[in-house]
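Below: the structure, in structure tokens.
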Amino acid sequence: MAVQHALNGLNDSPTVLVEGILRSGQSVSFEGNVVILGDVNPGAQVTAGGNVVVMGVLRGTVHAGAAGNEQAVIVAFRLRPTQLRIANYIARSPDGEVFNPNQPEIARVRDGIVVIEAFPPSGERQGKK
Amino acid sequence: MSEVIVVTSGKGGVGKTTVTANIGCGLAMLGYKVVLVDADTGLRNLDVVLGMENRIVFDLTDVIEEKCRLRQALIKDRRFEELFLLPTAQTKDKSAVTPKDMQNICSQLREHFDYVIVDSPAGIEQGFQSAVAGVEKAIVVTVPEVAAVRDADRVVGLLEAKAEIRDPKLIINRLRMQMVQRGDMMTLEDMHDILGLELLGVIPDDEQVVIATNRGDPIVINENSLSGRAFKDIVRRMLGEPVPLMNLENGEGFFNRLRRIIGLG
Ligand SMILES: Nc1ncnc2c1ncn2[C@@H]1O[C@H](COP(=O)(O)OP(=O)(O)OP(=O)(O)O)[C@@H](O)[C@H]1O
Ligand SMILES: [Mg+2]
């Protein structure tokens, strides 16, 4: 299944769950995957050796694959980050532009840049109905 | 049952002292016994805003240093029988008051008052940490600006982590109605999205607040002002009354959105 493929490693590495809003100045750091059951606010930071999943609005800074894993991904219910990092790649929000996607998205490294796509891919979602 | 509440914000100058003075007066006007504690040692303002500066003989630091008894440092308001101020020192710094001192003072005060309201200094360092040490509830004040909301968010996290104060209430101060109408200001929805706190009230940006403050008469005493009414409504909400947010703008949609945020819609 495409979903499992996208979240490569979510099954076999340890995962920590964080419940609630991660507010400005707060941070979570873990060697495996991190799942946040809430928002990550601007000024908050999540660092994970593996993947990061945010079940709310991601407005802060997230670093996935922090030990160098370029396969790591970041998924959020709403992806509006200040900055995303995957392994050694950095993507920041476009200056001044407000872009409000109305669906979950996934960020991953492809051909040396961080790309963001709908998650799950819209084609697949239609296919299921 | 008495309530011990801190008014805090992270960012400076957003209206903590103004809110403390007005809520205090508003509660005293309804007959509650209230003491306001100035925790902004070295930069005290609460005495000035309440028009009590000239009556200070002893202060919080004198109580801590056992130069006087707590009761001797309390100043009675000239307007309201049941309103008192515990001023702090202007000539010392934040190190004069420790978290332990504040715990001690607050637990003594709560024996004698319905409401103990602590005016916190700006920042998140020593002064803030002392201000929140003896309280169990918090009101977070912000203004509709990204930086202030960011600092408020920081403070909400610290209140929970350091003082075990959960679910503080939010007051949004200095809302400029024309700017909101033009779409040039953060909306209440924007702020609610980030902070996720219950909204205790919204106070318009109002020059009457400044005039009243300079006179030493908090605006809540003034029946006719919009901001005075906003403070009265806040006091009633603190007492548990479901008071709808006043229509600060003529747009009906805006008003309905407010109702939704405050949980009345
Ligand atoms: N609603 C309002 N409309 C207009 N002016 C206001 C309003 N609220 C506060 N002010 C003004 O803003 C200034 C700062 O307010 P205040 O001293 O209450 O802030 P503060 O958060 O206590 O500041 P500090 O961090 O320095 O302690 C004062 O001059 C006050 O009169
Ligand atoms: Mg102040």
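Numbers for the structure displayed
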{"item": "Residue satisfying all of: in the range B:109-128; closer than 16 Å to B:T41 by Cβ, more than 14 Å from chain A (Cβ to nearest Cβ) and not in a loop (DSSP other than H, G, I, E, B); nearest to ligand 1 (Cβ to nearest atom) among these", "result": "B:D119"}
{"item": "Flag if B:E189 is free of Cβ contacts under 8 Å to residues at least 60 places away in the same chain and either within 14 Å of another protein chain (Cβ to nearest Cβ) or among the small types (G, A, S) (or both)", "result": "no"}
{"item": "Test set (1) assigned to a helix (DSSP H, G or I); (2) within 16 Å of ligand 2 (Cβ to nearest atom); (3) closer than 28 Å to B:N104 by Cβ - B:E160 fails condition number", "result": "(2)"}
{"item": "Residues located in the range B:79-121, provided they are within 16 Å of ligand 2 (Cβ to nearest atom) and of a type in the set (S, T, Y)", "result": "B:T88, B:S120"}
{"item": "Any hit, the range B:119-133, residues being free of Cβ contacts under 8 Å to residues at least 60 places away in the same chain and within 25 Å of B:M185 (Cα to Cα)", "result": "no"}
{"item": "Check on A:Q4, closer than 30 Å to B:R166 by Cα, more than 14 Å from chain B (Cβ to nearest Cβ) and at pLDDT below 95", "result": "no"}
{"item": "Residues that are in a strand (DSSP E or B) and within 16 Å of ligand 1 (Cβ to nearest atom), drawn from the range B:10-64", "result": "B:L36, B:V37, B:D38"}
{"item": "Index of the failed condition, B:R174 passing every other in (1) within 15 Å of the chain's Cα centre (by Cα); (2) within 14 Å of chain A (Cβ to nearest Cβ); (3) on the phi > 0 side of the Ramachandran plot", "result": "(2)"}
{"item": "Some residue of the range B:40-48 being polar (S, T, N, Q), closer than 24 Å to B:V220 by Cβ and in contact with a strand residue (DSSP E or B) (Cβ under 6 Å, 6 or more places away or on another chain)", "result": "no"}
{"item": "Verdict on B:V143 being over 20 Å from A:A44 (Cβ atoms) and either touching a helix residue (DSSP H, G or I) at 6+ places or on another chain (Cβ under 6 Å) or hydrophobic (A, V, I, L, M, F, W, C) (or both)", "result": "yes"}
{"item": "Unmet criterion (only one of (1) acidic (D, E); (2) under 30 Å from A:P42 (Cβ atoms); (3) surrounded by fewer than 17 Cβ atoms within 10 Å (Cβ to Cβ)) for B:E111", "result": "(2)"}
{"item": "Whichever residue in the range A:11-37 is outside any strand (DSSP E or B) and in contact with a Pro (Cβ under 8 Å, 6 or more places away or on another chain) and, among such residues, is nearest to the other protein chains (Cβ to nearest Cβ)", "result": "A:S24"}
{"item": "Residue identified as away from ligand 1 (no atom under 16 Å from the Cβ), within 25 Å of B:V202 (Cβ to Cβ) and within 11 Å of chain A (Cβ to nearest Cβ) among B:V135, B:V146", "result": "B:V146"}
{"item": "Within the range B:66-108, tally of residues that are in a helix (DSSP H, G or I), in contact (Cβ under 8 Å) with a residue 12 or more places away in the chain and farther than 30 Å from B:V156 by Cβ", "result": "3"}
{"item": "Residue match in the range B:93-103 (condition: more than 16 Å from ligand 1 (Cβ to nearest atom), out of contact with any helix residue (DSSP H, G or I) (no Cβ under 8 Å at 6 or more places or on another chain) and modelled with pLDDT of 95 or more)", "result": "no"}
{"item": "Within the range B:20-44, considering residues that are under 21 Å from B:V156 (Cα atoms) and near ligand 2 (Cβ under 9 Å from one of its atoms), the one surrounded by the fewest Cβ atoms within 10 Å (Cβ to Cβ)", "result": "B:D40"}
{"item": "Complete set of residues in the range B:193-211 that are assigned to a helix (DSSP H, G or I) and without any contact (Cβ under 8 Å) to a residue 24 or more places away in the chain", "result": "B:D193, B:E207, B:Q208, B:V210, B:I211"}
{"item": "Residues (crowded, with 18+ Cβ neighbours inside 10 Å and more than 6 Å from ligand 1 (Cβ to nearest atom)) located in the range B:193-203", "result": "B:I194, B:L195, B:G196, B:L197, B:L199, B:L200, B:G201, B:V202"}
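Each row is one residue, and each column tells you yes or no for (1) aliphatic (A, V, I, L, M); (2) within 28 Å of B:A152 (Cα to Cα).
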| position | (1), (2) |
| --- | --- |
| B:K16 | no, yes |
| B:G31 | no, no |
| B:G51 | no, no |
| B:I75 | yes, no |
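The values are calculated or read from the model by the stated rules, or taken from the named source; none is laboratory data. Remember, it's a predicted structure, so these values are computed and weren't measured experimentally. For neighbour counting, all protein chains shown are included, and Cβ atoms are generated from backbone atoms with ideal geometry for every residue, glycine included.
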